[in-house]
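Enquirer: The structure follows.
Read the figures in this text as sums done on the coordinates, not as results from a lab. As the structure is a computational prediction, the values presented were derived from the model and not from experiment. So basically every Cβ, Gly included, is an ideal-geometry build from the backbone, and we count neighbours across all protein chains shown.
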Amino acid sequence: MRITRIRAADFRNVTFADVDTDAPRVFLLGENGQGKTNLLEAAGLVSAFRSFRTTEIAPLVRNGAKEARLRIDVRDDAGTTSAVEVRLAKGSRTGQVDGTPVTSVADHLGRFPTVAFCSDDLRLVRGSPSNRRRWLDAAIGGTDSAYLEAVRTYQKGLEGRNALLKNPDPSEEELRAFESAMLPAARLIIESRARQLPEICGTLRDVAGRAGFTAAATVRHRPDTAADELEGCWKRMRAAELAAGSTLKGPHRDDFEVLFDGHDAADYASEGQQRLIALGLTLARVRRDAARAPTTPVILADDVLGELDDVRRSAFWKEIGEGHQVIATGTRPPPGNGWLTYEVASGAYRKG
């Protein structure tokens, strides 16, 4: 797939942008805070109906505006063109494909696939569990609509349950109602992570071997609570959770560990090796999505190519090949030739 045009109005700091991206390699060049990432975020949000930066809608609408409007024009591998639009307003998001309303995110998911690769991903090994959960949710949810819906259902229930736990005298009946709604989603999340992480790990080893860098890395699911034990755990933890005013157990506290030669990579792998592992994980996601999606995913590389040395950059391009469109951002000119470049300043985009 190729994104041939990105339009955004009243999105983040962008008043209006209309950017031609009909090229295999597109680079958005500018200082930090000028709007480079915003255009990448807009493309990813339209393709997946979710931002790779936040779960909230409010920060996405420009100050003083009532709604943000986004559109990408795409051409799939068969040459079919589509116009995909999303509107964001307080508490709502709506979408259209060629003028037809999107009534189901599940049906939309994977039709116009993108994979976002951010600078934070390079710190996955040493980063917080929340960063790894967010990465894992994107990796699985990018092509698994049931998983993505379960994450949303669980998160909504978690917010309501936590609000109830903060009350001085919460109703036991209301707590059980939230738990009944959350449990099926929680179990699906835990079981999906346990099933799909080994697959991601296998792809990681394959990618690492082809790219010629560390094949000694592996990942392993570390669930906070087993799926079949969660209901009983919430009952046993009731007093502690009431005292804390929050839900202390569940998949929102899951993690996955990254191992290097059988040891914790955060302690045993060098910084360079950790970056290679993170790069391998992202490339594994690209390869995994490409095998599942009906068209080739577009790679959205946010301020990462400049952080890769020659060896890592070579490994990246070797694995990506010519089949994927890459739209990238950076504060320095793009590596190599053949890029369609835009200079970005104060939310404006000028072809370089």
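Enquirer: In nanometres, what is the gap between the two model label sites at residue 159 and residue 63, each 7 Å from Cα along Cα-to-Cβ?
Expert: Once both label points are built, they end up 2.3 nm from each other.
Enquirer: Once a ≥ b ≥ c are taken as the square roots of the eigenvalues of the Cα gyration tensor of segment 127-292, is the result rounded (a/c under 1.5), prolate (a/b larger than b/c) or oblate (a/b not larger than b/c)?
Expert: prolate
Enquirer: Counting other C-beta atoms within 10 Å, which of 201, 233 has the fewest, and how do the rest follow?
Expert: 233, 201
Enquirer: What distance in nm separates the two pseudo spin-label positions at residue 291 and residue 5, each 7 Å out from Cα along the beta-carbon direction?
Expert: Reported label-point gap for residue 291 and residue 5 is 3.7 nm.
Enquirer: Within 10 Å of each residue's Cβ, count the other Cβ atoms and sort 117, 316 from fewest upward.
Expert: 316, 117
Enquirer: Can you list which of the DSSP-assigned H helices in the chain have a Cα extent of 27 Å or more along the long axis and an average Kyte-Doolittle score of at least -1.0?
Expert: Those that pass (Cα extent of 27 Å or more, hydropathy at least -1.0) are 145-165, 172-211, 271-292.
Enquirer: Which residue, 150, 78, 42, has the most motion in a Gaussian network model of the chain that connects Cα atoms within less than 10 Å?
Expert: Highest fluctuation of the listed residues: 78.
Enquirer: Give me the percent relative contact order of segment 218-352, please, defined on Cα pairs under 8 angstrom at least 6 residues apart.
Expert: 18
Enquirer: Most mobile of 282, 143, 80 per a Gaussian network model of the chain (Cα springs, under 10 Å)?
Expert: 80
Enquirer: Suppose a student asked you for the relative contact order of segment 1-82, using Cα pairs under 8 Å spaced at least 6 residues apart; what percent would you report?
Expert: Relative CO of segment 1-82 lands at 42 percent.
Enquirer: Compute the Cα gyration tensor for the chain, then decide on rounded, prolate or oblate, letting a ≥ b ≥ c be the square roots of its eigenvalues: rounded whenever a/c is under 1.5, prolate when a/b is larger than b/c in the other cases, and oblate in all that remain.
Expert: oblate
Enquirer: Next question, about the same structure. Checking the cross-link filter: which lysines have an alpha carbon closer than 29 Å to that of residue 166, excluding same-chain neighbours under 8 positions apart?
Expert: Partners found: 90, 156, 235, 249.
Enquirer: Follow-up question, since we're still on this one. What nm value, rounded to one decimal, do you get for the distance between residue 231 and residue 96 when each label is placed 7 Å out toward the C-beta?
Expert: 4.5
Enquirer: Rounded to the nearest 5, what is the percent of antiparallel bridges among the DSSP beta bridges in the chain?
Expert: Bridges in the chain are about 70 percent antiparallel.
Enquirer: What does the extension gain come out to for residue 348 and residue 104, with contour length at 0.36 nm per residue minus their alpha carbon separation?
Expert: Length gained between residue 348 and residue 104: 84.5 nm.
Enquirer: Cα gyration tensor of segment 249-314, axes a ≥ b ≥ c as square roots of the eigenvalues: rounded (a/c below 1.5), prolate (a/b > b/c) or oblate?
Expert: Judged from the Cα gyration tensor, segment 249-314 comes out oblate (a/c at least 1.5, b/c at or above a/b).
Enquirer: Just report the Cα centroid separation between segment 238-275 and segment 42-111, whole Å.
Expert: Here the answer is 32 Å between Cα centres.
Enquirer: Follow-up. If neighbour count is taken as other Cβ atoms inside 10 Å, put 292, 253, 111 in order from fewest to most.
Expert: Fewest to most other Cβ atoms nearby, the residues stand as 292, 253, 111.
Enquirer: Tell me, what ³J(HN,Hα) does each residue in segment 54-68 have, in order and in whole Hz, if you take phi through Karplus 6.51 cos²θ - 1.76 cosθ + 1.60 with θ = phi - 60° and put x for Gly and Pro?
Expert: 3J(HN,Hα) across segment 54-68, in whole Hz: 8, 9, 9, 8, 3, x, 7, 8, 4, 3, x, 9, 8, 8, 10.
Enquirer: For the chain, what does the helix formula give at 222 nm: sum of -39500 (n - 2.57) over DSSP H segments with n ≥ 4, over the residue count, nearest 500 deg cm²/dmol?
Expert: Rounded to the nearest 500, it is -13000 deg cm²/dmol.
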